[in-house]
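This is the structure, below, for whatever I ask next.
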Amino acid sequence: MRIGIDLGGSKIEVIALDDSGVERYRQRIATPQQDYAATLNAIKTLVDNAQTHTAQQGSIGIGIPGAISPATSLVKNANSTWLIGQPLKTDLENRLNCAVRIENDANCFVVSEATDGAARNARIVFGVIIGTGTGGGISINKQVLTGCNAIAGEWGHNPLPWQDTVDTQQIKMQQKCYCGKADCIETFLSGPGFEKHYQRLSNAKHRLAVTEIIKKAEQGEPQAMSCIELYEKRLAKALAHVINIIDPDVIVLGGGMSNIQRLYKNVPLHWNEFIFSDTVATQLLPPLHGDSSGVRGAAWLWPKNQPNM
């Protein structure tokens, strides 16, 4: 049995899968905010619950919104900032009394979709999580590419490419990204970035949720329509940059923004302008497993017949 944990900024989810990928248990709880010790205890409780419910021990894989530094073995680059600088892997192995595997949550997402999801027949897959942040992961032949610095796929912390006048004007008004830069792709394409842009366009006193803005766009409100159309072009430019580098067969979108169905039609209409090729065969697809993909991918971090010793 495989146990996967998706440690998110707002929720922690556990799943237990048998060897054929059939779900045997699932539970989701709120993430203890700004409390590292409580986060460790919550993960242990979820693992204990899964093993009690299934009456089986399982290998344990964990997806986090950051990475384990190869230099220090501590968490880095996490937008759940209370994890940064913590020996998460060591602390969890001590609490759980077994080995664990930890990967970036976008890496877990792409492993899931490349293993038995929307990109299961593809060789090179780029998995995107666009939610509270903007992450990415690369799978080649169903194996995640981590990189020597544990940052492979981190497209969200590069500058938005091919900036036009509207982009540069917005940069002047942007709050800095948590990484310290001001024009990161994440600040344009994350859910909060999208909401802030609409708030500026509409001069609203309060930020609306993404779902409300999309509803307004569907009703023909000019500011909402302008906001989503600009978002689509920016997403196309940012993904074209990725396609020019790794040339994936499939790009799978995940996270809250992936629920906007018009993206799958409109973004590929824009990206041809920026891709260095006379033809573009890359597919842009929604996730087969929806918001469960990350937790499933965490479970798949352990290959078959490999014990968590």
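The values are calculated or read from the model by the stated rules, or taken from the named source; none is laboratory data. These numbers come from a predicted model, not from an experiment. Virtual Cβ from ideal backbone geometry, glycine too; neighbours counted across all protein chains shown.
If you take the residues of region 202-225 that are without any contact (Cβ under 8 Å) to a residue 24 or more places away in the chain and of a type in the set (A, V, I, L, M), which of them is surrounded by the most Cβ atoms within 10 Å (Cβ to Cβ)?
Looking at the filtered set, the residue picked out is ILE213.
For GLN27, work out the one condition from (1) farther than 18 Å from PHE109 by Cβ; (2) assigned to a loop (DSSP other than H, G, I, E, B); (3) within 20 Å of the chain's Cα centre (by Cα) it doesn't fulfil.
Unmet for GLN27, out of (1) farther than 18 Å from PHE109 by Cβ; (2) assigned to a loop (DSSP other than H, G, I, E, B); (3) within 20 Å of the chain's Cα centre (by Cα): (2).
Out of the residues in region 92-101 that are in contact (Cβ under 8 Å) with a residue 60 or more places away in the chain and either among the hydrophobic types (A, V, I, L, M, F, W, C) or at positive phi (or both), state the one that is surrounded by the most Cβ atoms within 10 Å (Cβ to Cβ).
Let us first name the residues in region 92-101 that are in contact (Cβ under 8 Å) with a residue 60 or more places away in the chain, namely 98-101.
Retained after the next criterion (residues that are either among the hydrophobic types (A, V, I, L, M, F, W, C) or at positive phi (or both)): 98-100.
On the way: CYS98: 15, ALA99: 14, VAL100: 24.
By that ranking, first place goes to VAL100.
Another question, if that's okay. How many residues are of a type outside the set (Lys, Arg) and either over 18 Å from the mean Cα position of the chain (by Cα) or surrounded by fewer than 19 Cβ atoms within 10 Å (Cβ to Cβ) (or both) when one looks only at region 247-268?
Within region 247-268, residues that are of a type outside the set (Lys, Arg) and either over 18 Å from the mean Cα position of the chain (by Cα) or surrounded by fewer than 19 Cβ atoms within 10 Å (Cβ to Cβ) (or both) number 9.
Another question, if that's okay. Being on the phi > 0 side of the Ramachandran plot, free of Cβ contacts under 8 Å to residues at least 12 places away in the same chain and either surrounded by fewer than 17 Cβ atoms within 10 Å (Cβ to Cβ) or out of contact with any Ser or Thr (no Cβ under 6 Å at 6 or more places or on another chain) (or both) narrows it down to one residue among ALA55, ALA71; which is it?
Only one candidate passes the filter, namely ALA55.
Kindly list, by first and then second residue, each pair from a residue in region 15-26 that is surrounded by fewer than 16 Cβ atoms within 10 Å (Cβ to Cβ) to a residue that is in a loop (DSSP other than H, G, I, E, B) and of a type outside the set (A, V, I, L, M), limited to pairs with Cβ atoms under 8 Å and residues at least 6 apart or on different chains.
Filtered contacts from region 15-26: ASP19/LYS304.
When you go through ALA122, ALA50, ALA114, ALA42 one by one, which is the residue that is more than 20 Å from ASN149 (Cα to Cα), in contact (Cβ under 8 Å) with a residue 12 or more places away in the chain and assigned to a loop (DSSP other than H, G, I, E, B)?
Details: ALA50 fails: assigned to a loop (DSSP other than H, G, I, E, B); ALA114 fails: assigned to a loop (DSSP other than H, G, I, E, B); ALA42 fails: assigned to a loop (DSSP other than H, G, I, E, B).
Criteria check complete, one pass: ALA122.
Report, by residue number, each residue of region 53-87 that is part of a helix (DSSP H, G or I), under 23 Å from ALA150 (Cα atoms) and of a type outside the set (Phe, Trp, Tyr).
Residues satisfying the conditions are THR81, LEU83.
Which numbered condition in (1) in contact with a helix residue (DSSP H, G or I) (Cβ under 8 Å, 6 or more places away or on another chain); (2) in a helix (DSSP H, G or I) is the only one that ILE245 fails?
Single failed check for ILE245: (1).
Is it the case that GLN199 is free of Cβ contacts under 8 Å to residues at least 60 places away in the same chain and touching a Lys or Arg at 6+ places or on another chain (Cβ under 6 Å)?
Working: free of Cβ contacts under 8 Å to residues at least 60 places away in the same chain: yes; touching a Lys or Arg at 6+ places or on another chain (Cβ under 6 Å): yes.
Answer is yes for this residue.
Considering only residues of region 276-300 that are at pLDDT 90 or above, within 25 Å of GLY131 (Cβ to Cβ) and over 15 Å from the mean Cα position of the chain (by Cα), which is surrounded by the most Cβ atoms within 10 Å (Cβ to Cβ)?
So, considering only residues that are at pLDDT 90 or above, within 25 Å of GLY131 (Cβ to Cβ) and over 15 Å from the mean Cα position of the chain (by Cα), the one surrounded by the most Cβ atoms within 10 Å (Cβ to Cβ) is ALA299.
Another question about this same structure. Name the residue, out of LYS216, LYS237, that is touching a Phe, Trp or Tyr at 6+ places or on another chain (Cβ under 8 Å), on the phi < 0 side of the Ramachandran plot, among the basic types (Lys, Arg) and assigned to a helix (DSSP H, G or I).
It is LYS237.
Restricting attention to region 109-145, and to residues there that are in the same structural domain as VAL210 (by TED's automatic domain parsing) and within 15 Å of LEU7 (Cβ to Cβ), which single residue is surrounded by the most Cβ atoms within 10 Å (Cβ to Cβ)?
Here the residue is ILE129.
A further question follows. Has region 146-166 got any residue that is assigned to a strand (DSSP E or B), under 17 Å from the mean Cα position of the chain (by Cα) and either free of Cβ contacts under 8 Å to residues at least 12 places away in the same chain or surrounded by fewer than 24 Cβ atoms within 10 Å (Cβ to Cβ) (or both)?
no
Can you work out which of the residues in region 7-52 that are among the small types (Gly, Ala, Ser) and in contact with a helix residue (DSSP H, G or I) (Cβ under 6 Å, 6 or more places away or on another chain) is nearest to LEU96 (Cα to Cα)?
Once the filter is applied, the top-ranked residue is ALA16.
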